[in-house]
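The values are calculated or read from the model by the stated rules, or taken from the named source; none is laboratory data. Being a predicted model, the structure only gives us computed values, none of them experimental. Virtual Cβ from ideal backbone geometry, glycine too; neighbours counted across all protein chains shown. For the accessible areas, the whole protein counts, side chains as well, though only heavy atoms, and no ligand, DNA or RNA atoms are used. Shrake-Rupley method; radii C 1.70, N 1.55, O 1.52, S 1.80 Å.
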Amino acid sequence: MNCSKPVSNKNVKITDKFWKEKTELVRKKVIPYQWKALNNEIENAEPSFCVRNFRLAAEILEKRKKGIETPVFSTGEWHYSYKNENENSFFGWVFQDSDLAKWIEAVSYSLQNTEDKNLESLADSAVDLICAAQAENGYINTFYTINNPKKAFSNLRDHHELYCFGHLAEAGVAYYYATGKSKLLKAVCRYADFIADTFGDNGIKGYDGHEIAEMALIKLYEATENKKYLYTAKLFIDRRGTKPYYFDIEHNENSGSDLNYFYNQAHLPVRQQKEAVGHAVRAVYLYSGMADTARYTNDKELLDTCKALFDDITNKKMYITGGIGSSCVGEAFTFAYDLPNDLAYAETCASIGLVFFARRMLQADYNSKYADVMERCLYNGILSGMAEDGKSFFYVNPLEVHPQACKNDSRKRHVKSTRQKWFDCACCPPNIARLLSDYGEYCFTETDNVFFVNLYQSCTVTSDKADIEIQSDYLQSGKVTFNINTKKPFKIAFRIPYWCNYFEFSKSNPFIKNGYAYFDIDENDKITACFKPEIKIIKCNPNVRENIGKAAITRGPFVYCLEEKDNGKNLHLLRLAHNPKFFFNGESITAKGYREDFCGNALYTEYSEATEKLVELTFIPYYKWANRGENEMSVYIRY
Ligand code: FUB
Ligand code: ZN
């Protein structure tokens, strides 16, 4: 299979006003803040116990090595609440370890761009801690190590050991690439070897209940070239959903129904899965691993399955913000066009996972639709997951919020009207940190002779084909200039963004294919592209029942929303004027609209035309909402 590779984050120096601010925020504020959170040092925030669990596991292993007996605890739950400080059992969710792994990954990507000795030595200490919690056979998992090592791998369906392994493996690879230090990489390879043996052809015929091990094993394969890791990833993928269901065998059950395993994408062998189902983060992590495996094993059938799944998600199950997984029940996909605004789940991690999936698809199928989705998620449903000061986070990213409903309507309990300092299930905050600090990795992909520009921001990028300096005014005028210092002849391919009706290049006669404009580059060159960002009124497919008669406003990659702060209470009373004239002030957008008057208190009255007041509506980028205190928000407005 002819494939492209991402240009490493290490070779992309972001200088962009917008994105540099984000990556610097992560390095200077978010990473230190999250270290405190992992150490239970944030006042009035949910405690994590993540670092504490690793310390305890290391102590226990030390004792066991000396032949000292240690107590065992139950392993029957998903979550262990903190009851008694002196109790020596595991605390938190069974997947708590993954938060520290994601934190190390975030540090790694930051270090790739900016030397920071203090941060590096803090991360070194975290690596030492993880390695101290590694058992002699290579196993690393604080939950089972603390509570009962004999039960390891006894509940793959629910207990996330292979998920935690996946995050650790990704951290080991990232830390090695960033620092050249191989301690964590060696430790996770030892664990991966143990897993490959345990789950190999002659071992347990299981696979992960929460996917990620597949794509993590591929990362290990890329870093070490050890084919065993690719083989194990493929084993997990090929086994999933085959009968008899491993999760039934493991639980000594016979569910007799495929329905049970939709949640884990284990209802059918993966090549027969054409619709995205179940828990959204699990799904997109699996599809990412499938896309990787398809690429490395030349498996066209698997790649075609990935294409079908990508199209199913993005054409029928994705919010305009790039949010996916619309239901809080099972944090899951439901059915086509079921995209409620106020009940939305749209977990931050799910949009992050969609970016992982899209980037991997882009590597195998050179089509701009994948990078379009990355851009949609990054500028909207992912950035919304973090406050502008980097100290509070959304797990759920709704498209409409009424603070009172969040408090008084238990169906909306999952929707928060203000970002939280931390969560007891804190998967999203460190996931944002690791993605944003690795932003450079998503900008460009290349083959032997083509350099693809997928995302537009000011930066310098180095490849074997050229050193390119990019000056971007993408978010304002749409103009982006590329100063190309050519090392050998190649083709450059510019993505034409999905939102752009008018684009032009300073160089003539591009060859346009699948949403990319290709130019031959033979010598040093300067190309200016302009992707005119217009303000657009967007309507949904009429099958999205909630949004009939409503529209959303976008400009360039940004989706906009109304907030109470600018527009007053009761946003549902507003409507946009017909064909309004929009004004853009560099960030927010204003336009004429109307506010319906309340006419009396009667719940029902005979129909009469509403009386309305002319008002000026203010729209702000969606990702910025809830940075000025608690208030109503809505992406869609009547039109
Ligand atoms: O189960 C681990 C993580 O916690 C999932 O990815 C999130 O959806 C949350 O349930
Ligand atoms: Zn999450």
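Can you list the helices (runs of 4 or more DSSP H) lying wholly within the range 236-339 that have 3 or more residues being buried (at least 24 other Cβ atoms within 10 Å of the Cβ)?
So the answer is 280-297, 300-316.
Checking N514 against (1) at positive phi; (2) surrounded by 15 or more Cβ atoms within 10 Å (Cβ to Cβ), which single condition isn't satisfied?
(2)
Rundown of residues vs (1) in a strand (DSSP E or B); (2) at pLDDT 95 or above; (3) in contact with a Cys (Cβ under 8 Å, 6 or more places away or on another chain); (4) polar (S, T, N, Q), yes/no style:
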| residue | (1), (2), (3), (4) |
| --- | --- |
| F423 | no, yes, no, no |
| P429 | no, yes, no, no |
| A433 | no, yes, no, no |
| G440 | no, yes, yes, no |
| T445 | yes, yes, no, yes |
| F451 | yes, yes, no, no |
| L455 | no, yes, yes, no |
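Between residues in the range 152-181 that are over 25 Å from H279 (Cβ atoms) and residues that are β-branched (V, I, T) and crowded, with 19+ Cβ neighbours inside 10 Å, which pairs lie under 7 Å by C-beta distance while being six or more apart or on different chains?
G172/V188; Y175/I104; Y175/V127
Being touching a helix residue (DSSP H, G or I) at 6+ places or on another chain (Cβ under 7 Å) and within 16 Å of ligand 1 (Cβ to nearest atom) is the filter here, so list the residues in the range 93-115 that pass it.
The answer is V94, F95, Q96, D97, S98, D99, L100, A101, K102, W103, E105.
Kindly list, by first and then second residue, each pair from a residue in the range 340-364 that is farther than 13 Å from I382 by Cβ to a residue that is within 16 Å of ligand 2 (Cβ to nearest atom) and among the charged types (D, E, K, R), limited to pairs with Cβ atoms under 8 Å and residues at least 6 apart or on different chains.
Filtered contacts from the range 340-364: Y345/E331.
Kindly provide the set of residues from the range 79-118 that are in a loop (DSSP other than H, G, I, E, B), within 23 Å of S48 (Cα to Cα), open to solvent by less than 80 Å² (accessible area, probe 1.4 Å) and not polar (S, T, N, Q), ordered by number.
E87, F90, F91, V94, F95
Looking at the range 567-591, which of its residues are over 25 Å from C377 (Cα atoms), of a type outside the set (A, V, I, L, M, F, W, C) and not in a strand (DSSP E or B)?
Within the range 567-591, N567, G568, K569, N570, H572, H578, N579, P580, K581 meet the criteria.
Return a yes/no flag: does the range 432-451 have any residue that is over 25 Å from the mean Cα position of the chain (by Cα), surrounded by 20 or more Cβ atoms within 10 Å (Cβ to Cβ) and under 24 Å from N380 (Cα atoms).
So far as the range 432-451 goes, no, none of its residues is over 25 Å from the mean Cα position of the chain (by Cα), surrounded by 20 or more Cβ atoms within 10 Å (Cβ to Cβ) and under 24 Å from N380 (Cα atoms).
Tell me the residue from N509, N501, N541 that is over 27 Å from A466 (Cα atoms), in a loop (DSSP other than H, G, I, E, B) and open to solvent by 80 Å² or more (accessible area, probe 1.4 Å), please.
N501
Among residues belonging to the range 587-606 that are of a type in the set (G, A, S) and open to solvent by 30 Å² or more (accessible area, probe 1.4 Å), point out the one that is modelled with the lowest pLDDT.
The selected residue is G600.
Among the residues of the range 467-489, which ones are part of a strand (DSSP E or B) and in contact with a Phe, Trp or Tyr (Cβ under 7 Å, 6 or more places away or on another chain)?
Scanning the range 467-489 gives I468, I470, S472, V480.
Can you run down the residue pairs with Cβ atoms below 6 Å, 6 or more apart or on separate chains, where the first is in the range 260-283 and farther than 20 Å from P244 by Cβ and the partner is of a type in the set (D, E) and away from ligand 2 (no atom under 16 Å from the Cβ)?
Pairs that qualify, where the first residue is farther than 20 Å from P244 by Cβ and the partner is of a type in the set (D, E) and away from ligand 2 (no atom under 16 Å from the Cβ), are E275/D312; A276/D312.
Does S392 count as within 15 Å of ligand 2 (Cβ to nearest atom), surrounded by fewer than 24 Cβ atoms within 10 Å (Cβ to Cβ) and either at pLDDT 95 or above or within 18 Å of the chain's Cα centre (by Cα) (or both)?
Against the criterion (within 15 Å of ligand 2 (Cβ to nearest atom), surrounded by fewer than 24 Cβ atoms within 10 Å (Cβ to Cβ) and either at pLDDT 95 or above or within 18 Å of the chain's Cα centre (by Cα) (or both)), S392 qualifies.
Of the residues Y163, Y139, Y144, only one is in a helix (DSSP H, G or I), away from ligand 1 (no atom under 15 Å from the Cβ), out of contact with any strand residue (DSSP E or B) (no Cβ under 9 Å at 6 or more places or on another chain) and at pLDDT 95 or above; which?
One residue alone meets the criteria, Y144.
Please go through the range 460-478 and pick out each residue that is in contact (Cβ under 8 Å) with a residue 60 or more places away in the chain, at negative phi and open to solvent by less than 20 Å² (accessible area, probe 1.4 Å).
V461, S463, Y474
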